1. With an 8 Å cut-off on Cα pairs and a minimum separation of 6 or more residues, tell me the relative contact order of the stretch A:51-150 in percent.
2. Kindly provide the pair-distance distribution of the stretch A:318-374 built from C-alpha pairs, with 5 Å bins from 0 and whole-percent values in order of increasing distance.
3. Could you give the nm distance between label points at A:Asp196 and A:Lys373, where each point is 7 Å from its Cα heading toward the beta carbon?
4. Based solely on its DSSP helices, what 222 nm [θ] is calculated for chain A when runs of n ≥ 4 H residues each add -39,500 (n - 2.57) and the sum is averaged over all residues, nearest 500 deg cm²/dmol?
5. Expressed in nm to one decimal, what extension gain is obtained for the pair A:Asp292 and A:Ser57 from 0.36 nm per residue of sequence separation less their Cα-Cα distance?
6. Assuming R0 = 30 Å, can you tell me the calculated FRET efficiency for the pair A:Arg38 and A:His124, based on Cβ-Cβ distance, to the nearest 0.05?
7. What's the extension gain from A:Asp115 to A:Lys5 if we count 0.36 nm per residue and subtract their Cα-Cα distance?
8. If you split all Cα-Cα distances of the stretch A:196-247 into 5 Å bins from zero, what percentages do you get per bin, shortest first?
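Read-outs: derived from the displayed coordinates by stated rules, not from any lab. Remember, it's a predicted structure, so these values are computed and weren't measured experimentally. All Cβ positions, glycine included, derive from the backbone under ideal geometry; neighbour counts span all protein chains shown.
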Amino acid sequence: MLDRKFILENADLVKTNCRNRNVPTDVDRFVALETQRRELQVQVEDLNRQANAVSKSIGKAKDAAEREERKAEGRRLRDETNQLREKLDALVAEIDDIHRAIPNMSHPDAPIGEDDTKNLDIAHGKTPAPVFDFQPLDHVELMEKLGMVDFEAGARVAGHGFYFLKGDAVLLELALQRYAVGMLLDEGFLPMTTPDLARNDVLEGTGYIPRGPETQIYSIENSDLSLVATAEIPLGGLLAGETIDAEQLPIKLCGISHCFRTEAGAHGRATRGLYRVHQFTKIEMFAFTLPDQSDAMLEQLRALECRLFDGLQIPYRVVDTATGDLGGPAYRKYDLEAWMPGRGDYGEVTSTSNCTDYQARRLNIRYRTKGEKGTQLAHTLNGTAIAVSRALIALLENHQQADGTIVVPEVLRAWMGKEVLGA
RNA sequence: GGAGAGGUGGCAGAGUGGUCGAAUGCGCCGGUUUGCUAAACCGGUGAGGGCUUAUAAGGUCCUCCAGGGGUUCGAAUCCCCUCCUCUCCGCCA
């Protein structure tokens with residue numbers, strides 16, 4: 001969430017930003033209601049002050065008659081306060097609905113545009129797209145040929161969008177994880193396996209909406225829990241409500257989790273194979289930083305993603321995400337899109353965002369600077385290290401050979417124990 | 001899952017209806033003393049928000065003792081619900 005005061009004082013900026021982000025919100029109504037709320041708040045506080053004064057005077061009353069008189073006065077004030085408070089609560093509820101829908105502000109350098117067609121292509125990886133002197137297969141064909149996947153069994157067990165990985169695919173999944181975690185360990189990230197379920201207030205604090213027809217989130221019936229869509233959710237929740245000493249920042253975490261997504265409304269759009277599935281394993285980077293560290297941290301996270309995919313010898317481009325495609329919490333976002341020969345197109349394999357204090361405000365994650373009064377909101381960032389399902393697509397399709405085998409990239413061989421799959 | 005105990009400021013830990021935003025100790029900050037450091041001594045020290053105002057200083061008010069609801073003129077304190085922690089038992093990977 002944005003700071004309420006900031007919205008009031010910068011209504012025009014916020015409106016422009018919402019327009020740039022293609023998010024319809026009624027900022028004017030927010031400002032009007034919030035102005036009313038403040039007035040009402042002052043009235044309620046003043047009544048409280050009076051009631052408090054009356055209560056205090058009762059203890060010192062000199063006789064029973066005076067005590068009773070003061071009590072009556074106290075009752076009257078309380079009734080009055082309750083009536084006003086009801087109005088206030090209704091106002092707050094409406095304000096909150098609008099507030100929640102207002103997205104984060106955008107980095108001044110983020111490309112302005114209504115959707116992903118306005119994303120800016122800013123860099124390419126070290127590996128050129130492969131030129132095949134044969135007809136390349138897509139990952140589904142490759143994996144089925146090599147006995148690496150069973151989609152039918154996945155559908156039988158859990159429905160469309162689920163799958164069994166088998167044989168070398170499992171080794172690859174483990175190797176990819178070990179490779180990514182190893183690199184992050186060297187970079188000072190603390191590895192963590194996280195809960196795969198989270199309370200709905202943690203989901204909401206992170207900017208996910210657990211309910212509603214468009215939700216990406218699976219929720220657990222008769223409970224306040226949902227399956228996480230990414231380790232970003234539990235890692236954000238890790239320090240919810242906490243105040244951290246400033247010298248401990250930045251905190252860099254590496255989350256290992258399963259990710260569950262309903263993919264509601266996504267049918268028919270690039271759904272073949274492992275590209276859009278309901279469950280996958282992901283190694284996620286997450287950072288808590290001081291405000292003046294977050295821009296640099298975003299560049300670090302992006303650089304790490306590039307190193308990971310350069311190491312895997314997978315061709316990719318880096319995209320600076322347009323305002324309309326940023327989602328609610330991100331201030332700036334870079335995606336890596338790997339070349340996928342089977343699709344004949346690039347496909348998103350990572351995404352890293354600087355959420356500034358947008359998540360921290362909701363989750364109440366603060367830091368304290370030694371020698372200074374008060375606390376400040378921390379910044380949060382997240383970035384994909386390896387989303388296994390999509391990394392597999394890019395890896396298999398780019399490293400396939402004319403004879404149907406797949407060359408294992410150098411960096412994974414130690415974990416795979418072989419150089420070629422299907423030989 | 002069963003039984004019990006408990007959740008208070010950065011930490012430890014008092015506080016069972018009013019003058020308690022909260023004793024005391026530690027820590028931290030400032031000062032005195034001091035070849036230096038330490039010790040000792042003195043003083044200060046929770047957070048969020050509103051109003052005032054120049055988004056200063058100062059003043060002032062409201063809210064916060066796990067979270068939510070209730071009783072009461074008044075709740076850290078009494079009642080109900082939820083969450084969490086600890087100990088023991090059970091069950092298990």
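1. Relative contact order for the stretch A:51-150 comes out at 14 percent.
2. P(r) for the stretch A:318-374, in whole percents per bin: 4, 16, 18, 15, 13, 11, 8, 7, 4, 2, 2, 1.
3. If labels sit at A:Asp196 and A:Lys373, their model points lie 5.0 nm apart.
4. Details: 13 runs with 177 residues, N = 423.
Using -39500 (n - 2.57) per qualifying helix, the result is -13500 deg cm²/dmol.
5. 79.6 nm
6. On the way: r = 51 Å, r/R0 = 1.70.
Once rounded, the FRET efficiency stands at 0.05.
7. 36.7 nm
8. 5, 21, 31, 20, 11, 6, 4, 2, 1
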